[in-house]
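Asks: Have a look at this one before I ask anything.
We did not get these values from a lab; they are worked out from the coordinates using the rules stated. None of these values were measured; they are calculated from a predicted model. All Cβ positions, glycine included, derive from the backbone under ideal geometry; neighbour counts span all protein chains shown.
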Amino acid sequence: MNITEKELITLASKGDKRAFCDLISLHRSKLRSFAVSICGGNIHLADDILQEALIKAYIAMKNYEIRSSFTTWLWRIIKNEFINYIRDPETKIEMISDSEDNTGVTLRSDECSESEMIREDVKKEVHQLINALPVKLKMAIVLIDIQEMPYEEAARILEISLTAMKSRVFKGRKRMAEIMNEKKEMKQLSSGNLRQNGVKGDR
Amino acid sequence: MNWKKVFKSLSFGKLEDNSAEFKELNDLFRKYRSENIETDGDVFDAVLFEKLQKIKAVKAVKREQKRFVPVLAFSIAAALLIVFAVSFYKIDNKKDEMELVSSSEVAKGEPVKITIEFESSENIENVEVHFSLDEGVRFYSENEKIRDLNEYIRTGSFKKGINEIPFVVSLVSEGEWSINTETKFGGFQHNRKIVLKTGQNKTAVYIYKSQKVLNNL
């Protein structure tokens, strides 16, 4: 018989760490996706901050009231930890380069296929767009456009009104559309310059 | 850019398809969501579980301290003795307790390059680093003699500052295996424990460290 989420919550609030891990594994995929989006694609950094936040959640579990939504309660803790990190990254965890982290364990770059490269480009572009947003808009966009969370739930997590939530998403999307257009214009300009230079060189 | 068009196309709740800019943004997010598949969830769980165990250990120590208070009140003389005894016990425990300093993961079956670091306050000659390897892990080398080693002593000098010692190992069988290193310098014994744990597609690598005062008396 499978243990229910409610039973896991009860056990975890009594300090059962295995139950807490099982409980988190129900939300893990979405939480990690959120963390990676906020951390600009740096999986190691995202996992480190997320685990730090989850440890805080575990400690706070004894104060959790079953009447309120566990998901909202958990996401609020995670959100606060990431806001703290974004506002003051130096006091938290050092940025880790893509190729090597602080273990000194070198990560090998395997040969990438074309489709993998395209996937990486998509990820890179999304992370760049999200990174360009201020914290408040970043949180709103990741919850709505990446996590596909209902507006009401996202507003509860961010502890703002529904109107404010919609406004942040609106502003975030507007800003990202601007950035995309700016990039396109830059590309057009540089390709125009290249063509001109090419003609010059032929002469 | 036609801002009238952009503002018209924006609506609360979703990205509208009738604007090229927002269609592109929408497509980009859709692609991102479909490609954003979680990997190595088991490694994440294992690391979280390890970190949680440490929290519990800290809590247990705190509970012991609370129990200790009435004993102290019961007899001043006895309490003084206990305070000394407990203090020494705790200091020793703290020294022996290994702290998880980092974790990472590499592709399963691949050799793993590990770098351990030691900070020295001065230049020191003839520093020995003792390596001991579990049966499931071996140095990665073309030399058979090196591959067969389960103990190894590396002797060298340390300069003032950070000293890095890189080495490469590979797992010879699945499971959880450790490499322990012991180095004595600057009045301390510096221990490192590197745990390699095989998962489905990856090998998780954890590095722990501890140090204790060398008793020269």
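Asks: Efficiency by 1/(1 + (r/R0)^6): what FRET value for B:E99 and B:E176, r their Cβ-Cβ distance, R0 = 25 Å, to the nearest 0.05?
Replies: Values: r = 19 Å, r/R0 = 0.75.
Step by step, r from the Cβ atoms, then E = 0.85.
Asks: From a point 7 Å beyond the Cα of B:E117 in the direction of its Cβ, which residues of segment A:27-60 have a backbone N at a distance under 17 Å?
Replies: Within reach of a label on B:E117: A:45.
Asks: Then there is this: Give me the orientation-averaged projected area of the Cα convex hull of segment B:110-176, in nm², one decimal.
Replies: Reported value for the Cα convex hull: 5.0 nm².
Asks: Round to the nearest 0.05 the FRET efficiency obtained for A:S29 and A:N63 when R0 = 25 Å and r is the Cβ-Cβ distance.
Replies: About 0.45, to the nearest 0.05.
Asks: Suppose R0 equals 30 Å; then what is the FRET efficiency for B:S210 and A:T10 from their Cβ-Cβ distance, rounded to the nearest 0.05?
Replies: Approximately 0.25, to the nearest 0.05.
Asks: Measuring from label point to label point, each 7 Å out along Cα→Cβ, what is the A:I179 to B:S157 span in nm?
Replies: The modelled label-to-label distance comes out at 5.1 nm.
Asks: Pull out the extension gain between B:A20 and B:S141, defined as 0.36 nm times the separation in residues minus the alpha carbon to alpha carbon distance; nm, one decimal. Walk me through the intermediate numbers first.
Replies: On the way: separation 121, 0.36 × 121 = 43.56 nm, distance 5.66 nm.
Taking 0.36 nm per residue and subtracting the Cα distance, the gain is 37.9 nm.
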